[in-house]
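Working notes, beginning with the structure itself.
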Amino acid sequence: MQLQDNVIEEIRKSLDIVDVIGNYVQLKKQGKNYIGLCPFHSERTPSFSVSPDKQLYHCFGCGAGGNLFTFMMEIEGMSFSEAAESLADRAKIDLGSSFSKNSDKRDPNNQKRKQVTEGLELLTKFYHYLLTTAKYGSPGMQYLENRGFSAEMIKHFRIGYAVDSWDAVTNLLQKRDVNLEQMERAGIIAKRGFDNKYFDRFRNRVIFPIFNMRGQTVAFGGRTLGEDKPKYLNSPESEVFHKGSILYGYHLARQAIRKTSQAVLLEGYVDVIRAHQAGVTCSVASMGTSLTEAQAAALTRMADTIIICYDSDNAGIEASFRAAEMLQGNGKVIKIAKMPEGLDPDDYIRKFGGERFKSDVIGASQTLMTFKMGYLRRKRNLSDEGDRLLYIEDVLRELTKLNRAVERDHYLRLLSEEFSISLDSLKKQQHQLYTMVQRREKQKARTMPLARTNRIPPAYEMAERKLLARMMRSREISDRVQDTLGGSFTIDVHQALAAYLYAYYAQGNPPDEGLFIQKLEDPALQRKVSELSMMPMSEQVDDKEIEDCLHQVIRQSKSSMIADKEEERKKAEQSGDYGRSARLLSEIISIKKQLGHFQVEHD
C-alpha cells in the first residue's frame with residue numbers, strides 16, 4: 001500500500017516548514033524568508049534559506065534543497081515512508097497500520113532499523129516498569145534515591161532497572177517475537193560460546209536509555225549496583241546508534257535551547273539528568289569528551305551562546321579547548337564553566353545544590369579568551385623569560401581571532417599590566433601577527449580553485465534558469481516555452497526539469513513548487529527546483545524578459561547544433577565518407593542561415 005497523493009498533500013499543507021526546520025536550525029527572519037546555518041555542511045556564515053511562502057528550503061552554499069519530506073529524509077537519514085510517518089504524527093494525521101507494514105517490505109534496511117528501534121522501545125518500557133515495581137526494582141530505586149534523583153527525573157528520562165538475571169530480557173524478546181540476532185548486534189544480549197544460547201548483557205544495573213535527536217531509544221547505558229566491571233556498561237554502535245551524531249538529552253533540551261538561545265554542554269548522561277533536575281534544562285551531553293563536527297553543528301544551529309562544562313582535570317581542559325575551537329565563529333558566544341578540581345556537575349549539585357550550580361558554575365562562566373589564556377599559561381613556565389615571551393606571543397595570536405576592538409584592547413591591557421610591557425608595543429606586535437595571518441589567508445584563497453557557487457554562469461544558462469523559474473510559477477509561461485523551445489534546453493538537468501514540468505501541467509496540477517518537488521524522485525532534480533524557486537524575481541512578469549530568454553536559448557541551441565555537426569563532418573572526412581561530409585556541410589549552412597535570419601529579426 002503506497003501513500004496516496006492526497007494524503008501527502010494533507011501532511012504538507014498541515015505543517016509549516018519553518019516550524020519543522022526550526023527544531024533543527026536556529027532561523028532568523030530576513031525579508032520574506034528565514035536564514036540560518038546549513039545543517040548539511042559546515043559553515044560559519046548563514047547560507048541556508050527557508051521560504052514559508054513556497055514551503056521550500058535551499059542552501060546556496062552546498063546546494064541542498066527540497067521540501068518538508070526531503071528535509072526529514074536528509075537530516076534524520078530516513079526513508080520517504082519514515083519521513084511521512086514522522087511528519088504525519090506531528091500533524092496528527094493517521095496513516096493506518098497497513099502503510100507502515102507495506103512500506104517496510106519495500107525497504108529491507110528500513111525494516112531492520114524499525115525492528116531494532118521497536119525492540120529498544122519495548123525494553124525501555126520493560127526496564128522502567130521493573131524499576132518502578134517494588135517487587136523487582138527496589139535495589140535500583142534505592143540507589144537512585146540515595147543519589148538524590150527525583151521521581152520526576154526518573155520518569156522524564158525513562159530510567160530503568162535490569163534485574164540480576166541471565167535471561168529476563170532474552171525471554172521477553174522471544175515471547176514478543178523480536179529478532180534476537182538484531183538485538184545481539186545492538187548489544188542488548190550476547191551469545192554464549194559453549195552452547196550458543198543468548199543471555200542478557202545488562203544485569204543488576206540501573207539503566208539509562210540513550211536517545212537520538214528525535215527522542216527514540218537507540219542504546220542503553222547501565223550502571224552496576226554490584227562489583228561487576230565495568231562500572232558503566234554501554235551499548236556498542238549499531239545500525240541505529242552512532243555515538244558521534246547524538247547529543248544526549250537534546251530532544252528534552254530543545255525547547256529550552258530555542259527559548260533562551262543558550263545551550264550547556266556536559267560530558268555524560270548522569271550530569272545531564274542532574275542539571276535538568278537543578279533547572280538547567282538547556283543541558284545536553286556529547287557522550288564522552290570528544291565533540292564531533294555533527295554535534296558541534298547541531299549546537300551552533302540552535303544556540304547563540306554555548307557554555308562548555310566539562311571536568312576540570314587535564315583531559316577535561318584539553319577537551320574543552322578542542323570543543324571551543326570547533327564551536328567558535330559566526331558570532332557565537334562560547335563560554336567555559338569552571339568546575340572545582342575533582343568534581344563533575346553531578347557531584348557538585350549533590351554537594352552544593354542546584355542554585356549554586358546555576359550561579360557559581362554556569363552563571364560565573366569564563367569568556368573563551370580568559371579560558372584560553374589560562375590554558376596557554378599551563379603550557380609555559382612563566383618564571384622562565386623565554387617561556388614568558390612565548391606565552392605572550394601565544395595570547396597575541398589568539399587575540400587576532402577576536403572581531404571586536406574593545407575586546408582585544410581589554411586583554412592587551414591585562415597583558416600589559418601583568419608583564420609590565422607597554423600597551424603600544426603589544427598593539428604593534430598584535431597588529432603584525434594579524435597582518436601575517438591575513439596575508440596567509442589571502443595566499444591560501446588565491447591558490448584554492450574557485451568554488452562552484454562562485455562561477456558566473458553564461459547568458460544562455462541564466463536564461464534557461466529564469467525560464468524554468470517562471471515556468472514553475474505559471475502554466476501559461478510553461479505552455480509558451482513548450483511551444484517555442486520544446487526540449488531544446490542546452491543543459492541536461494534543465495532539459496529534464498522542463499520535460500517533467502510539461503508532464504506535471506498536462507496532468508492538471510497547479511503551479512506549486514512544493515507540490516512539483518514532491519512529484520520528483522531524483523534528489524538532484526529536487527535540489528535544482530529548490531534553487532530555482534529561491535531565485536529573486538519580480539512578482540510582475542516582463543514579457544520582454546521572457547522573449548529575450550527564449551532568444552538566448554534558441555541561439556545557443558543552434559550554435560551547439562552547428563558545433564556538433566562540424567565535429568561529425570570532420571570525422572566523416574577523416575574516414576573518407578565524403579558523401580556524408582557534404583550532406584552535413586549542407587545542414588550546417590542551412591542552420592547558419594536560420595541563425596542569421598533569427599539574429600536579424602531579434603537584434
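The values are calculated or read from the model by the stated rules, or taken from the named source; none is laboratory data. Quantities reported herein were computed from a predicted structural model and do not represent experimental measurements. No Cβ is skipped: glycine too gets one built from the backbone with ideal geometry, and neighbour counts run over all protein chains shown. Keep in mind that these areas ignore ligands, DNA and RNA; they rest on the heavy atoms of the full protein, side chains included. Shrake-Rupley method; radii C 1.70, N 1.55, O 1.52, S 1.80 Å.
Using a 1.4 angstrom probe on the protein heavy atoms only, line up LYS558, LYS197, LYS519 by accessible area, largest first. All intermediate terms of the calculation are to be shown ahead of the outcome.
Numbers: LYS558 45, LYS197 120, LYS519 80 Å².
So the residues, ranked largest to smallest area, are LYS197, LYS519, LYS558.
Taking θ = phi - 60°, what integer Hz values does the Karplus form 6.51 cos²θ - 1.76 cosθ + 1.60 yield along the range 396-401, in sequence order, with x for Gly and Pro?
The phi angles translate into 4, 5, 5, 5, 5, 7 Hz.
To the nearest 10 Å², what's ASP492's accessible area with a 1.4 Å probe?
120 Å²
With axes computed from alpha carbons, what is the tilt in degrees of helix 108-132 against the longest principal axis of the chain, rounded to the nearest 10 within 0 to 90?
Roughly 20 degrees, rounded to the nearest 10.
Around PHE149, with a cut-off of 13 angstrom between Cβ atoms, what is the net charge of the other residues, counting Lys and Arg +1 and Asp and Glu -1?
Here the charged neighbours net out to +2.
Over all directions, the average projected area of the alpha-carbon convex hull for the chain comes to how many nm²?
Computing the convex hull of the Cα atoms and averaging its projections yields 40.3 nm².
Give me P(r) over the range 18-169, computed from all C-alpha to C-alpha distances, binned every 10 Å, as integer percentages.
Bins of 10 Å from zero give 9, 26, 21, 25, 14, 4, 0 percent of pairs.
Where the accessible area of the range 164-281 is counted over protein heavy atoms with a 1.4 Å probe, how much of it, in %, is carbon and sulfur?
Within the range 164-281, the accessible surface is 44 percent carbon and sulfur.
Keeping every protein chain present and rolling a 1.4 Å probe, give me the accessible area per residue for the range 273-325 in Å².
On the way: 1420 Å² over 53 residues.
Result: 27 Å² of accessible area for each residue.
What does the charge count around LYS229 come to, taking other residues whose C-beta lies under 14 Å from its C-beta (Lys +1, Arg +1, Asp -1, Glu -1)?
Every neighbour counted, the sum reads +3.
Could you name the aspartates and glutamates in cross-link range of LYS259, using Cα to Cα under 12 Å and dropping any fewer than eight places away on the same chain?
ASP304
Using the Cα centre as the reference, give the magnitude of the dipole from point charges on the C-beta atoms of the range 451-552 (Lys, Arg: +1; Asp, Glu: -1; all else neutral), rounded to the nearest 20 debye.
Here the range 451-552 has a charge dipole of around 320 debye.
Taking a cut-off of 19 Å between Cα atoms, list the aspartates and glutamates near LYS351, but don't count ones fewer than 8 places away on the same chain.
GLU145, GLU267, ASP271, ASP311, ASP313, GLU341, ASP360
Roughly speaking, to the nearest percent, how much of the range 1-78's 1.4 Å accessible area is carbon and sulfur?
Accessible surface attributable to carbon and sulfur in the range 1-78 totals 47 percent.
Tell me, what ³J(HN,Hα) does each residue in the range 216-223 have, in order and in whole Hz, if you take phi through Karplus 6.51 cos²θ - 1.76 cosθ + 1.60 with θ = phi - 60° and put x for Gly and Pro?
In residue order, the calculated couplings are 7, 6, 10, 6, 9, x, x, 9 Hz.
May I ask you to derive the relative contact order of the chain, considering only C-alpha pairs under 8 Å and at least 6 residues apart, and to give it as an integer percent?
Result for the chain is 10 percent.
Which Cys residues of the chain have no other Cys Cβ less than 4.7 Å away and so no disulfide-compatible partner by this rule?
For the chain, the answer is CYS62, CYS282, CYS309, CYS549, because their Cβ atoms have no other cysteine Cβ under 4.7 Å.
Largest first, what is the accessible-area ranking of TYR348, TYR232, TYR502 with a 1.4 Å probe?
TYR232, TYR502, TYR348
Assigning unit charges at the beta carbon (Lys, Arg +1; Asp, Glu -1) and nothing else, what dipole magnitude in debye, to the nearest 20, does the range 315-465 show about its Cα centre?
It comes to approximately 640 debye.
With every protein chain present, what accessible area does ARG439 have (1.4 Å probe, heavy atoms only), rounded to the nearest 10 Å²?
130 Å²
Measuring with a 1.4 Å probe in the full set of protein chains, what accessible area per residue, in whole Å², belongs to the range 417-544?
Spelled out: the 1.4 Å probe surface of the range 417-544, per residue, equals 61 Å².
With a 1.4 Å probe and every protein chain kept in, tell me what percent of the accessible surface of the range 352-423 is carbon plus sulfur.
Taking all protein chains in place, the range 352-423 shows 49 percent carbon and sulfur surface.
Would you list, by chain and number, the aspartates and glutamates whose Cα falls below 13 Å from the Cα of LYS114, excluding same-chain residues fewer than 8 positions away?
Within reach: GLU82, GLU85, ASP104, GLU239.
Kindly report, to the nearest 10 Å², the accessible surface of HIS431 as traced by a 1.4 Å probe over protein heavy atoms only.
110 Å²
Pairing the Cα long axis of helix 250-260 with the longest principal axis of the chain, what angle in degrees results, from 0 to 90 and rounded to the nearest 10?
It works out to around 80 degrees.
Does the range 275-388 come out rounded, prolate or oblate, given a ≥ b ≥ c as the square roots of the eigenvalues of its C-alpha gyration tensor, rounded meaning a/c under 1.5 and, failing that, prolate meaning a/b above b/c?
Taking the square roots of the gyration eigenvalues as a ≥ b ≥ c, the range 275-388 is oblate.
Provide HIS251, HIS551 ordered by accessible surface of protein heavy atoms (probe 1.4 Å), highest first.
Numbers: HIS251 50, HIS551 20 Å².
Descending order: HIS251, HIS551.
Based only on Cα atoms, what Rg/Rh ratio does the range 308-448 have, Rh being taken as Kirkwood's radius?
With Rg and the Kirkwood Rh in hand, the quotient comes to 1.03.
Through the Karplus equation 6.51 cos²θ - 1.76 cosθ + 1.60, θ set to phi - 60°, convert the phi angles of the range 13-29 into ³J(HN,Hα) values in whole Hz; use x for Gly and Pro.
Using θ = phi - 60°, the values come out as 7, 7, 10, 9, 4, 5, 5, 5, 5, x, 6, 10, 10, 6, 9, 10, 5 Hz.
Could you tally up the Lys pairs in the range 456-603 with alpha carbons closer than 19 Å? Skip any pair fewer than 8 positions apart unless they're on separate chains.
Number of lysine pairs found: 9.
With a sphere of radius 10 Å drawn around the Cβ of SER581, what net charge do the other residues whose Cβ falls strictly inside it have (Lys, Arg +1; Asp, Glu -1)?
+2
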